Amino acid sequence: MVTPWAVCVGESMAALLPDGPGPLDGVESFAVSAGGAESNVACALRALGVPSAWVSRVGDDGFGRRLVGEVARRGVDTSGVAVDPARPTGLYLKETGGSDRDGDLGAGRSRLHYYRAGSAASAMSPATLSEAAVADLVDGARLVHLTGITPALSETCLAMVRALLDAPRGQRLISFDLNWRPVLWRDRDAGVLREFVNAADVALLGADEAEAAFGTGVPAELRTLFPGPSTIVVKDAERVVTALTADGAVSEPALTVDVVEPTGAGDAFAAGYLAGTLHGFDQRRRLRLGHLAAASALVAHGDVGELGDLSRLAVGDGADRADRSASSVPSETDGQWSAATIAALLDASAEEWRATRVSADGIVVGGPETGRP
């Protein structure tokens, strides 16, 4: 079995998805799925050709078994997921807008309702890292991915995150996605997030989230506030993402997307950017792969889009990339994204990139421009 390159640590939950739009009091039935930032990233990384693992705890219940099974079916190593005999698997319900009923959220909007207090995952602790399966995964990883959700779950989860950030890394990278959830920090000190962001190698921040948590969402100000990470990636309100490193700043706009469901795009972007990092891409290609992964989630109903196995993107020398850049990007209108199309988009001109439109039907270059959502 291939040793996972990336290990994602944190809670994921059973998800109940409504059979139609509108307030929950009018929903007749729900479909059961799985969701959570860390398992979403692990699944998207695996689809991008990065062997990945998910470390967590679930309850000894049907939701827990289903959750682990669904993540495993996507090719993610779940050997580091423990079963808690006493605590339940976390749960959330999704509410989507688009009906004519009172209290509707509005078309294209969604809200998540969480039931996670006292969950199995909230019992994770530094001792979790000493479990044989978890220790083997972390020791062999090239990247460990964390989010700001996990330390908000409990004091023991916070201590586990700190232990991971304080441990010797060698060549291993730590990525930390802020994933600001104010309701989780309501009775807790969110000041520790400053420490955790600054201790990461790669910090991923939404500008609006950073504004709420740290008082600024301006990339240059965040770079000054957090000198520790080798790379800070900031996603702004205009859907331009900027990567700031010692070599300067690189920015890349998002693609035009016909959004089907907005949930999961942030996790998908993180996976795309981190996959590009592990594949050795330059900053612009990392950002573009992040945008493409996010687009694949935006045109899907679940939290993880179906990019397909794009591991071949890591193959090819500079001459190959130059050849692709010189040729036009092929459109795809059958809902399938080939590795060749993705590779061409990573090296497309700025004009071709801006002219690209993504929908549930596929990718079209030079289609009608109707604005970005």
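The values are calculated or read from the model by the stated rules, or taken from the named source; none is laboratory data. Computed from a predicted model, the values in this text were never measured in an experiment. Please note: Cβ atoms are built from the backbone with ideal geometry, for glycine as well, and neighbour counts cover all protein chains shown.
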Exercise. State all residues of the stretch 352-364 that are within 14 Å of residue 288 (Cβ to Cβ) and either of a type in the set (Asp, Glu) or modelled with pLDDT under 80 (or both); if no residue qualifies, say none.
Key: 352
Quiz item: Can you pull out the residues in the stretch 193-208 that are assigned to a helix (DSSP H, G or I) and either in contact with a Phe, Trp or Tyr (Cβ under 8 Å, 6 or more places away or on another chain) or closer than 22 Å to residue 164 by Cβ (or both)?
Solution: 193, 194, 195, 196, 197, 198, 199
Quiz prompt | Restricting the stretch 209-239 to residues that are in a loop (DSSP other than H, G, I, E, B) and closer than 23 Å to residue 259 by Cβ, the residue that is modelled with the highest pLDDT | solution = 217
Exercise. Go through 170, 191 for me and flag whichever is at positive phi and free of Cβ contacts under 8 Å to residues at least 24 places away in the same chain.
Key: 170
Practice problem: Could you look through the stretch 160-192, keep only residues that are assigned to a loop (DSSP other than H, G, I, E, B) and among the hydrophobic types (A, V, I, L, M, F, W, C), and pick out the one that is farthest from the chain's Cα centre (by Cα)? | Solution: 167
Practice problem: Check 287, 313, 278, 307 and return the single one that is in contact with a Phe, Trp or Tyr (Cβ under 7 Å, 6 or more places away or on another chain), closer than 19 Å to residue 41 by Cβ and modelled with pLDDT under 85. | Solution: 307
Quiz item: Taking the stretch 1-32, which residues are part of a loop (DSSP other than H, G, I, E, B) and farther than 21 Å from residue 101 by Cα?
Solution: 1, 2, 3, 4, 5, 10, 11, 12
Exercise. Select from the stretch 43-69 the residues that are of a type in the set (A, V, I, L, M) and in contact (Cβ under 8 Å) with a residue 60 or more places away in the chain and list them in ascending order.
Key: 44, 45, 47, 48, 50, 53, 55, 58
Quiz item: Within the stretch 173-182, can you find the residues that are farther than 23 Å from residue 254 by Cβ and either buried (at least 18 other Cβ atoms within 10 Å of the Cβ) or without any contact (Cβ under 8 Å) to a residue 24 or more places away in the chain (or both)?
Solution: 173, 174
Quiz item: Which one of the conditions (1) free of Cβ contacts under 8 Å to residues at least 40 places away in the same chain; (2) within 22 Å of residue 124 (Cβ to Cβ) does residue 32 fail to meet, given that it meets all the rest?
Solution: (2)
